[in-house]
Amino acid sequence: MEKKELLYVQTTDAPEKQYSPLVLAQTAKAMDINAKVYYLGTGLKILRPGAAEKIKLGNFPSVREMIDKTLESGVEILVCEASKRMLGWESVDLIAGVKIVGAATLNDLVLEADGTMWF
């Protein structure tokens, strides 16, 4: 049987929407489901050094800690190159471990995934 694949797409830098894709991706991985998180639009702002550390809601760890745990679990975090350009970021530092990919990658990922969730 082929392993299932889930894609979580983060489109915003709204603090209250940062946890769901990361928690769900970690949970999918623990369930032996391939998971990927794809950041686009203003969601990229969270991936700049220092930004995710500033977000901590309720009794959850900081978003940076959640991102680190997600990466450590083996979930790939992808970043849209076109969104980088949209934000005017010709050269910008992002947190270590994320991978910048082309916009067509998102189309391919959606077609390959067994399910896609957008945040």
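Side notes on the structure shown:
- Selection from GLY50, MET117, MET31, by position along the positive dipole direction of the range 5-118 (Cβ): GLY50
- Overall form of the range 5-118 per C-alpha gyration tensor (a/c, 1.5; a/b vs b/c): oblate
- Candidate lysines - alpha carbon under 20 Å from LYS99, same-chain residues fewer than 8 apart omitted: LYS29, LYS36, LYS45, LYS69, LYS84
- The separation of the range 12-36 from the range 75-92, counted between C-alpha centres, amounts to 19 Å.
- Each of the GluC sites (Glu not before Pro) that DSSP puts in a loop and that has at most 14 other Cβ atoms within 10 Å breaks the chain; the longest unbroken stretch is 3-89.
- Lys, Arg +1 and Asp, Glu -1 on Cβ, resulting dipole of the range 5-118 about Cα centre, debye, nearest 20: 380
- Adding -39500 (n - 2.57) for every DSSP H run of four residues or longer, then dividing by how many residues the chain holds, sets the calculated 222 nm ellipticity at -9000 deg cm²/dmol.
- For the range 68-119, the Cβ-based charge dipole about the Cα centre amounts to some 160 debye (Lys, Arg positive; Asp, Glu negative; other atoms uncharged).
Laboratory data are not the source of any read-out in this text; all were calculated from the coordinates shown. For clarity, every value in this text was computed on a predicted model and none was experimentally measured. Heads up, the Cβs are rebuilt from the backbone with ideal geometry, glycines too, and the neighbour counts pull from every protein chain shown.
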